[in-house]
Each structure stands twice: as structure tokens, then as C-alpha cells.
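Here the structure is laid out as C-alpha cells; the discussion comes afterwards.
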Amino acid sequence: MPIRAWFSTFIYSEPLQPAGLARLNEDLAEECHRIRDYDSAGRRWSAKNYLGGFTSYASMAQLHRSSSTFATLEKRITTHVRRFARRLDLDLRGRQIFMTDCWVNIMPERAAHSLHLHPLSFISGTYYVRTPPGCSGLKFEDPRLDRFMAAPPRRTAASPANRQFVVYPAEAGKVILFESWLRHEVAANPTAHERISVSFNYSWS
Ligand SMILES: [Fe+2]
């Protein structure tokens, strides 16, 4: 082939573990609600910055250090992050990867999370706790979108590698990982039920 692909963008998506997800997700959902009830600073922050929903991003963002349920989640997610880092050919120079932040997101009907990236980390991701049928997925955009200049648009049926957006469905029990610079967003939840997820960042040192 005269043409090869370079500078690829990788996104990882796998079930957290082979079995026992329903029980874990029940425990996590209960704990997420308890955190929302307890975290008044988070509720105040969310009222301004996360309209209609709740996130502990700015108030309780080290849940893996204070809760055994979240510590279990951290341990399992770290296995996936190590695998992803190997696939990215990252040379960690003998250092360890570790979770720096871990927070809860509860999105009732119409709550949305606009386009953003995750600073101060190298791998980020989300674990899905509760995903009502029809709820919004996680939409990623081509990181080169601001450099397309006068390029024509892509065909609707463009091959996956040539698409400028991709939406990963939110599925309870699945973990999605991406490099922290990759911009993403969650469209407004169109269902009448809460969508619950746990997001996290990883660093290395
Ligand atoms: Fe995010």
C-alpha cells in the first residue's frame, strides 16, 4: 500500500471485570447518592457549573482514598490503564502509574457536559455505573479539528479512521480510557432516568 496511517488516536473500551458487575454497580450507585447528599460544596459548585446535575469534581475528587468501594474500583481500573499505556508504547522509565483524581457524575434528564479535556494527567477515563437505555454516550472529536483549514468535509460513510467524531455508547460496567488531551463531551441526557458515571485521571511518577 502506498498510504499508511500515522499519528493515530486510541480509545480503549472494555468491561471492568468478567463478572459481578451488577452488585458492584449497585454499591457504587448507592455510594454516589450518599456522596451527593453529603457534599454540599459539590452541590453548590454543580448548581453553577454542571446545570441540573451533580459532580464531585471540584469538591470530593479523591474518592479512591476515602472509600473502600472506590478503592476497589481504582485497583481494577488501574489494570486497564496499564494495558492501555502498553498499547500506546509509553516508556514510563521505571515509574509507576497512579490514579490522582476520581469523582462522581450524576446526570438526570437534560443534564449535559460540554466539550472539555482533562489537564494535569496523561490518561483519563470514565466508568459507567448506571446507564438508562437511550442515555447519551461519550462523544470524542478529532484532535486535529482546528487544523483542517479549507479541507472539504468528510463523507458520511467515511472509514472509522477518517471520521472527525465518534460516540461511544455509555454502558454500565464498561470502562473507557483515552489520552487526557482528547476533547470529549456528553450530550444532554434525553431519558427521564439518572445516568451515573465515575470519572478519573492518571499520572505517572
Ligand atoms: Fe471528561
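The values are calculated or read from the model by the stated rules, or taken from the named source; none is laboratory data. This is a predicted model, so every value here is computed, not measured. Cβ sites come from the backbone with ideal geometry, for glycine too, and all protein chains shown count toward neighbours. The protein model used for the area step is the full one, side chains on, heavy atoms only, and it has no ligands, DNA or RNA in it. Shrake-Rupley method; radii C 1.70, N 1.55, O 1.52, S 1.80 Å.
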Please calculate how many Å² of accessible area segment 1-73 carries per residue, with a 1.4 Å probe and no DNA, RNA or ligand atoms counted.
-> 66
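Which percent of the accessible heavy-atom area of segment 1-45 goes to carbon and sulfur, probe 1.4 angstrom?
57
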Between S205 and M1, how many nm apart are label points set 7 Å from Cα along the C-beta direction?
-> 4.1
Range of Cα positions in the chain per principal axis (Å), largest first | 58, 43, 32
Tell me, which longest segment in the chain has none of the trypsin sites (Lys or Arg not before Pro) that fall in DSSP loops with at most 14 further Cβ atoms within 10 Å?
-> 5-92
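Kirkwood Rh, Cα Rg: Rg to Rh for segment 65-111?
Details: Rg = 14.3 Å, Rh = 12.9 Å.
Value, to two decimals: 1.11.
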Do the sum for the chain: with -39,500 (n - 2.57) for every DSSP H run of n ≥ 4, divided by all residues, what is the mean residue ellipticity at 222 nm, to the nearest 500 deg cm²/dmol?
-> -8000 deg cm²/dmol
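Mind checking the per residue accessible area of segment 124-205 for me, 1.4 Å probe, whole number of Å²?
Values: 4270 Å² over 82 residues.
About 52 Å² of surface per residue is accessible.
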Helix 21-38: inclination vs the chain longest Cα principal axis, degrees, rounded to 10, gives 70
